[in-house]
Amino acid sequence: MSIGISVWNPTPKEVEDASAFLNRLREQKKNPKLVHLEDKYAPILAYFMSSRGQTQGEDIQVLAARLLQVQAQGGLSELPSEFVRFVKLCALNGTCAPLPQIQHSAACVAVALSMSGTWPELLENLLQMMTRNSEVEGALVTLRALVERAPGRVNNPDLLARKLVGFLKDPNSKNRENSIGCLKQICEVSPGSLVDHSGVFFASMGSLVAGPDESASTRRSAAHSILLLMDLKKVHAEGLLGETMQQMAEAVGDNDEAVAITACDFWIKFCTGTRSKSENPSLHERVTSVLPRLVSLLVSRLDLPRDQIEPDHVYDVSVPDGNDDTEASKGASHALRKKAAAGLDAICSSSGSESLLPIVLPLLQARLMCEDVHSRETGILALGAIAECQQAMNEHLLHIFPYLLKQLVDPAASIRRITCWTLARYSAWLFKIRAPDETQLLHLKELIQGLMMRILDRHKQVQEAACSSLTSILGFVQPANLETYLEFIIRNLMHAFGLYQRKNVIVLCDALGTLADASGPLLDTPAIATMLLPPLCLRLEKLCEGPVVEEGVELSPLGPLLECITSIVQAMGQGAKPYAGKFFRGALDILERDLGPTISVCALDMLSVLCGVMGPEFWEMARQIKSGKSKHVAEIVASCAKSESPQIRQSACVFFGEAAKTCGSLLVNIMETAMPALIQNLDTKPAAVASNASWAIGEIALRCDSAGLRPFVGPLMSRLIPLVNENRSGSQKLAENVAITIGRIGCICPNLVGAKLEGFCKAWCSQMPRLPCKFERENTSRALCLMAKANPVGVDVESFVDAASLWDNKQEIPSDLYEMFYEILHSWNKQVLRCVPSKTDLLHVSSERFGLSLNLVYLSPLDIFPAQNPRLHRT
């Protein structure tokens, strides 16, 4: 290997001194990362790292290599070029060393020098090494380090990909693994490089995944690389050969759980991303051929190792919640089980019931009827996983439902738990029916009764599953089917509050909030209000009194409880008024304690809902109930609108918008507090904050007179004009709200806003066709006319014509707006032509844009808008 330099040899004295230094470091066991040497020592370290340093012993070689690795981070900029070339030569030799530690350090030296710009030709050197059998391993080790740490140095990924694919079948397992690692990185940073080689890539990687002699790390990398390439839109699943698909099916059963999880991910991605059977029958034939084996393996992967199945008493309600009793903390076996279930679900959706059910139902039948608890539990899980096939299983549902309802009272908590989930998956059969028959009504009653029993179960995991299942069911329940059982459900949910610990209270609050959303006005009865609100008031008071957050960690479920109460108040409406004062006081106390963004946002949202539900009575309550620091609610929320948290500011803006709708004669007082805070949020990021601030200002402007709004027009327009002209976020909602707000302000203070019309007219008018409702289009058009009268010079002629042409049907335009457009257009020669460069410009605009439409709507003769060819009529 030559990089253009003769061999450098240190003097005996230099070798002796360096050897003594390295031995001292070894004896002191000093960390090489903490040893900083001048660049001049790099050549002697490179000498010791190379094969010529073998006489000093392997440990000295490794230490020299690690010291050089640290030195190379600086690029050796102070070292003469001839010595740098020597270090490069030793580094390339080191990558071919038999010791892995030296190989690794030498590769790191090479990459560090490349990244610093000292070795720009490294990739070319590595490609040359890849042509020599004795140097391939070193080249691939270094190349992998290069593409992982400095992918920008790979300037020809297509060429590199072609070469690397050839090494996937190299007899050296280390070369295969490093080739996979390189290709995996290329998939991520330059995916197009592998598109043309996808067939060979899939075939080679599939062979490595299935290779019985391959290491687990090689199989993992190969499976993950296939998954990465599947993400590319340009790579079609048609490139997957039948053999590769068979290999990925077998990988589901791999002894290494990481390989099996990746294989499950492959099938999930494949099934959700491929075209339908009718569009690609040949591909689905290949899938069908592997289904028997694939489904069998997926079902088998639902089984947990017996040593990972925890006894029931661990999750008894008497045992305090732990910090690690979550699914994420339970390791790869639990993750694999969830992936296998998701894989069955994906296959069910993709392949269809006619392909899947004949294979899976016999497997499930055996498990469902098994006396062994664990086998039966996996059978119920698999049954839930294939619920997408339930339309084809109608004939079985009359048997499935009674079977599952019976499992709800099984002595084994694992059975009760998984049955709750599976029942929720099949409950659409009951809840989506508007006119169920007697059998279905009976099953519906038994289902709700069974779930309520499990919600009050003593096993915490069963409690969680039952609440989650109820939440899922409520997502598609018909209100008519729910009304009969509403009080019964609420009574049990409220009883559960006294049984649950913190983690399950969070799930319980979610279920209760979802119930409120699904029930709506059905909650507004005295009986339900009495069941719900007094206990929730007491719980809120108790949580507010105790510690809520410690070192950023929530100690109580205060946030979920606030969300739950907010949903209930919104659904119940007037029925919640007797309890509003306690909720109001609790929200204020929370905001003054500054308990973090999540809880503060929940408190602000509750105030907004209370404001909307109570109307003007909210402000009388606010007058009577002040916070502990005697601050008015508007002052507290204004402080929140200045928070560093964008989520808090966003919710604070919503409150002021709701406040404007209800505060009546107090609006002027509210404005003094709210407007400065809202204006400040008009140019903040993210766009959602500015959008909410603009919306709130628009709500205030809609209800304000000119005297109250006039002091704020200047600051407002200085923020709104840049937003309407330069919506850098690309948020259409922000653009709409800003356009609406300018229109509302312009209607009230046309002279002040119109004075700035030239600076925003074009961008503002361009938003008018996109406004969401007719009322807002009318309002902005009216504001445009008022401002055009106040400041004709500021009008952009073309934009004004566009705005006028929006109303291409005289029957749709309000009479006052019609008169304003009519007056302006008919007096255009007198009022505007003096202010535009020439009449020719205006004639050009009018003759090319919507002439006929304007003439038809605003009546001829309009001499500056002559009738045009009918094809120009805007529709």
Assign unit charges at the C-beta atoms only (+1 for Lys and Arg, -1 for Asp and Glu), then state the dipole size of the stretch 316-409 relative to its Cα centre in Debye, rounded to the nearest 20.
220 debye
Got a sec to turn the phi values of the stretch 104-120 into Karplus ³J(HN,Hα) couplings, 6.51 cos²θ - 1.76 cosθ + 1.60 with θ = phi - 60°, whole Hz, x for Gly and Pro?
5, 5, 5, 5, 5, 4, 4, 5, 4, 5, 5, 5, 7, x, 6, 9, x
Pop out the carbon and sulfur fraction of the accessible area of the chain as a percent, whole number, probe 1.4 Å.
51 percent
So how do 439-448, 261-270 stack up, highest first, on mean other-Cβ count within 10 Å?
261-270, 439-448
What helix-only [θ] at 222 nm does the chain give? Using -39500 (n - 2.57) per DSSP H run of at least 4, over all residues, to the nearest 500, the answer is -21000 deg cm²/dmol
Please give the direction-averaged projected area of the C-alpha convex hull for the stretch 350-459, in square nanometres with one decimal.
7.1 nm²
What do you get for the angle between helix 157-166 and the principal long axis of the chain? Use alpha-carbon atoms, 0 to 90 degrees, nearest ten.
50 degrees
Can you classify the stretch 394-493 as rounded, prolate or oblate using the Cα gyration tensor, where a ≥ b ≥ c are the square roots of its eigenvalues, rounded means a/c under 1.5, and otherwise it's prolate if a/b beats b/c and oblate if not?
oblate
Point-charge dipole on Cβ atoms (K/R +1, D/E -1) for the stretch 628-678, about Cα centre, debye to 20
80 debye
Can you give the extra length, in nm with one decimal, that the chain gains between Glu545 and Met369 once fully stretched, where that is 0.36 nm per residue apart less the Cα-Cα distance?
58.2 nm
Among 343-353, 162-172, 556-566, the order from most to least packed when residues are scored by Cβ within 10 Å on average:
556-566, 343-353, 162-172
May I ask you to derive the relative contact order of the chain, considering only C-alpha pairs under 8 Å and at least 6 residues apart, and to give it as an integer percent?
4 percent
Is the C-alpha gyration tensor of the stretch 4-43 telling us rounded, prolate or oblate? Criteria: a/c under 1.5 is rounded; beyond that, a/b larger than b/c is prolate, otherwise oblate.
oblate
Answer label for Rg and Dmax of the Cα atoms in Å (calculated), chosen among [x] 36.2, 107; [y] 68.9, 213; [z] 44.8, 124:
[x]
Rough spin-label spacing in nm, given labels placed 7 Å along Cα→Cβ, for Ser718 and Glu38:
5.9 nm
State in Å² the accessible area per residue of the chain; use a 1.4 Å probe, count heavy atoms of protein chains only, and round to the nearest integer.
44 Å²
Could you sort 92-102, 210-220 so that the peptide with the highest average Cβ count within 10 Å comes first and the rest follow in order?
92-102, 210-220
Could you let me know the centre-to-centre spacing of the stretch 112-146 and the stretch 712-783, using Cα atoms, in angstrom?
59 Å
Acute angle (nearest 10 degrees) that the helix 173-189 long axis makes with the longest principal axis of the chain, alpha-carbon atoms:
20 degrees
Rounded tilt (10° steps) of 257-273 against the dominant C-alpha axis of the chain
40 degrees
Could you pull the accessible area for Val84 with a 1.4 Å probe, rounded to 10 Å²?
10 Å²
Dipole in debye (nearest 20) - the chain, about Cα centre, beta carbon charges: Lys, Arg +1; Asp, Glu -1
1120 debye
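The values are calculated or read from the model by the stated rules, or taken from the named source; none is laboratory data. Computed from a predicted model, the values in this text were never measured in an experiment. Note that we place each Cβ from the backbone using ideal geometry, even for glycine, and neighbour counts take in every protein chain shown. Ligands, DNA and RNA are stripped out before the accessible areas are found, and what is left, the full protein with its side chains, is counted by its heavy atoms. Shrake-Rupley method; radii C 1.70, N 1.55, O 1.52, S 1.80 Å.
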